[in-house]
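Each remark here refers to the structure printed beneath this line.
Bear in mind that the values in this text are calculations on the coordinates, not laboratory data. Every value quoted in this text rests on a predicted model; they were computed, and no experiment measured them. Neighbour counts run over all protein chains shown; Cβ positions are idealised from the backbone, glycine included.
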Amino acid sequence: MPLDNEPPTTLAATVDRVMAVAHLAPAAHVAVIGHRTLPFVLALLGRGCGAVRSLRLGAPAPDCEPADLTWIVGLEDERELDEALRAARWRAGSRGRVVLEGGTCRRPGVLAAARERALAAGLDIVSFDHIARRLVLAPATHLARAA
């Protein structure tokens, strides 16, 4: 299941690229936030991630375990982006990474204001793949929040 605007590939290869760009081991704890998360969860489990959670927007999350990676997929609009970024920041702790898949978002302009919305949630962009429309975020430093 290739993502929009990404070279034809398997979801497993996409998982490999995301784990590599986030500098994570295969056994990392991962939370997937958004809509249509099942293919991502299954691909992560197939890659060896034993601690994978799927979180639905607007639904309570019974556990609040920190995650090494929070992967945001399938957003509908900016309101969901704000909610997902807040949930991802909560899970990221001080060292976790957040990946925002712009190619899976229903509304193409979701990434346009991503930096301001990420900073408001306490995250900052550390990497951007313009071909795959993928952002990698990390907890913002005090300097980034002041800018």
Query raised in the report: Size of the dipole of segment 49-105 about the Cα centre, Lys and Arg at +1 and Asp and Glu at -1 on the beta carbon, nothing else charged, in debye to 20?
Result: 280 debye
Query - Choice from Leu57, Leu85, Leu69 showing the highest fluctuation, given a GNM over the chain with Cα pairs closer than 10 Å - result: Leu57
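Take every Cα pair under 8 Å in segment 39-112 that's 6+ residues apart, average their separations, divide by the length, and report that relative contact order as a whole percent.
Working: 78 pairs, mean separation 24.0, N = 74.
The value is 32 percent.
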Query raised in the report: Highest GNM mean-square fluctuation, the chain, Cα pairs closer than 10 Å: which of Gly103, Gly93, Gly122?
Result: Gly93
Query raised in the report: So who's got an amide H within less than 5 Å of the one on Ile33, skipping anything under 5 residues away but keeping other chains? H placed 1.01 Å off N, in plane.
Result: Leu55, Trp71, Ile72, Val73
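Computed FRET efficiency, Cβ-Cβ of Asp77 and Val126, R0 22 Å: what is it to the nearest 0.05? Please report the intermediate quantities before stating the final value.
Details: r = 24 Å, r/R0 = 1.11.
Given R0 = 22 Å and the Cβ-Cβ separation, E is 0.35.
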Report task. Pull up all non-local amide H partners of Arg134: gap of 5 or more, or a different chain, and H-to-H distance under 5 Å with H placed in the peptide plane. Result -> Gly102, Asp129
Query raised in the report: Placing +1 at every Lys and Arg Cβ and -1 at every Asp and Glu Cβ, with all other atoms neutral, what dipole size does the chain have around its Cα centre, in debye to the nearest 20?
Result: 140 debye
Query raised in the report: So who's got an amide H within less than 5 Å of the one on Ala51, skipping anything under 5 residues away but keeping other chains? H placed 1.01 Å off N, in plane.
Result: Val30
